[in-house]
Amino acid sequence: MITLEDWALIRRLAAEGVPKARIAERLGISRTTVLKAVRSDSPPQYERTPTESSFVAFEPRVRALLAETPDMPATVLAERVGWTGSITWFRAGVKQLRPEFRPIDPADRLSWEPGDAAQCDLWFPPKKISLEDGTAKLLPVLVITAAHSRFVVGRMIPTRTTEDLLLGSWELIQQLGRVPRRLIWDNEGGIGRAHRPAAGVAAFMGTLATKLVLLPPRDPESKGVVERRNGWFETSFMPGRSFTSPADFNTQFTDWLAKANTRVVRTIRAAPTSRLDADRAAMLPLPPIPIHLGWRNSIRLGRDYYVRLDTNDYSVDPTVIGRMVDVTADLERVKVRADGRVVADHARVWARGTTVTDPAHVEIAARLRKQFQQPRAVAVGDDLIRDLADYDRAFGLVTGDGNS
């Protein structure tokens, strides 16, 4: 079979009037081949004679199993039907049959009214961030996208726990300036799953007067706006950047979002900032009362005068050892109070398994330990001094006149 280049050359030479015999001699092919090339309307293609594959014999049984269980894995199907050949060939055959048995789930195109919803998600940047103890790890970035305007706010948070997710959500909602009527979340454990909000989430939503929407599994279209933004971050924000700390990441990300929100979004043919006012006008106002969020715990301070938050230990003023203390923390600070008085205030550490010590607490502990180890002086009054002869008379060892 001649190549595509030879076929094109034959047709060109024939169009120029070169005799077919000369073309055949020049290319070293037969005159019959030249005639076929001139008469053909398409370039030559190799077509292999179809043969029956070994999968055909197993197809009826595979179809019967797929009719009962459309999502049965190919490996299980191979075991059930007794397939002994290459699993790659078997998977290819199953892949062609499976769409015939899976139920059809059409996805409608969604339209978002102003103020109606904001889509929330966690994005994990593909670059580890340096932490306080010298280690580096991948950290989550909470992203909220107003569905109508496509306006994006986001920040990196320490963990995926409910406490940090709600703290980050409240901070980002404050940046929006208003509360979307619905907050749409995927199956994030710290928020809720299977229509069951995590502890504290329902109270948070009630304070905002908004509605939490927990999406069912395999429903990416309902949260596609924020998902596409996550992919955009990796191609437009991340390349060529380095970060010295989570705070540095948040600074760079916030500065970049301020510019990114002014760019025209192709799907809405407008910049998010140009539609933000209409979006905000239809949202709910921020709650008039302060929202108490974050980590909260009450414990009795032990002799080692440290309290644990997440996986890290923070020192406390040793003068309150043995008393109940209240431990609170947000995304930035960890504070400990005793009877309303602050007895510890530390910057929150994002590393794991770290001990944070205030030198002042160590000095106080040393002073208290020294005081405890000193012997206590016992004051003896004059009224406790007694003549030993009184004890001799009391036990009858001497008579009243002093004789034994």
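Values for this structure:
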read-out: Filter result for the condition that a residue is loosely packed, with under 13 Cβ neighbours inside 10 Å and among the small types (Gly, Ala, Ser), over Ala24, Ala37, Ala15; value: Ala15
read-out: Within region 184-206, considering residues that are exposed (fewer than 15 other Cβ atoms within 10 Å of the Cβ) and either on the phi < 0 side of the Ramachandran plot or not assigned by TED's automatic domain parsing to the domain that holds Glu227 (or both), the one modelled with the lowest pLDDT; value: Asn187
read-out: Candidates Val179, Val213, filtered to the one that is β-branched (Val, Ile, Thr) and at pLDDT below 95; value: Val213
read-out: Single condition Thr210 does not satisfy, out of (1) touching a helix residue (DSSP H, G or I) at 6+ places or on another chain (Cβ under 7 Å); (2) surrounded by 15 or more Cβ atoms within 10 Å (Cβ to Cβ); value: (1)
read-out: Whichever residue in region 132-174 is small (Gly, Ala, Ser) and surrounded by 20 or more Cβ atoms within 10 Å (Cβ to Cβ) and, among such residues, is farthest from Ser111 (Cα to Cα); value: Gly168
read-out: Selection count, region 343-354, where residues are loosely packed, with under 12 Cβ neighbours inside 10 Å and at pLDDT 95 or above; value: 1
read-out: Candidate set: region 1-29, residues that are β-branched (Val, Ile, Thr) and assigned to a helix (DSSP H, G or I); chosen: the one farthest from the chain's Cα centre (by Cα); value: Ile23
read-out: Strands (runs of 3 or more DSSP E) wholly inside region 220-316 that include at least 2 residues being outside the structural domain of Glu163 (by TED's automatic domain parsing) and loosely packed, with under 14 Cβ neighbours inside 10 Å; value: 295-300
read-out: Residue among Val325, Val362 that is farther than 25 Å from Pro246 by Cα, part of a strand (DSSP E or B) and over 31 Å from the mean Cα position of the chain (by Cα); value: Val325
read-out: Selection within region 104-144 - assigned to a loop (DSSP other than H, G, I, E, B) and aromatic (Phe, Trp, Tyr); value: Trp112, Phe124
read-out: Region 176-219: number of residues that are outside any helix (DSSP H, G or I) and polar (S, T, N, Q); value: 2
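The values are calculated or read from the model by the stated rules, or taken from the named source; none is laboratory data. Keep in mind that what you see is a predicted model, and the values were worked out from it rather than measured. Every residue, glycine among them, receives a Cβ derived from its backbone with ideal geometry; neighbour counts consider all protein chains shown.
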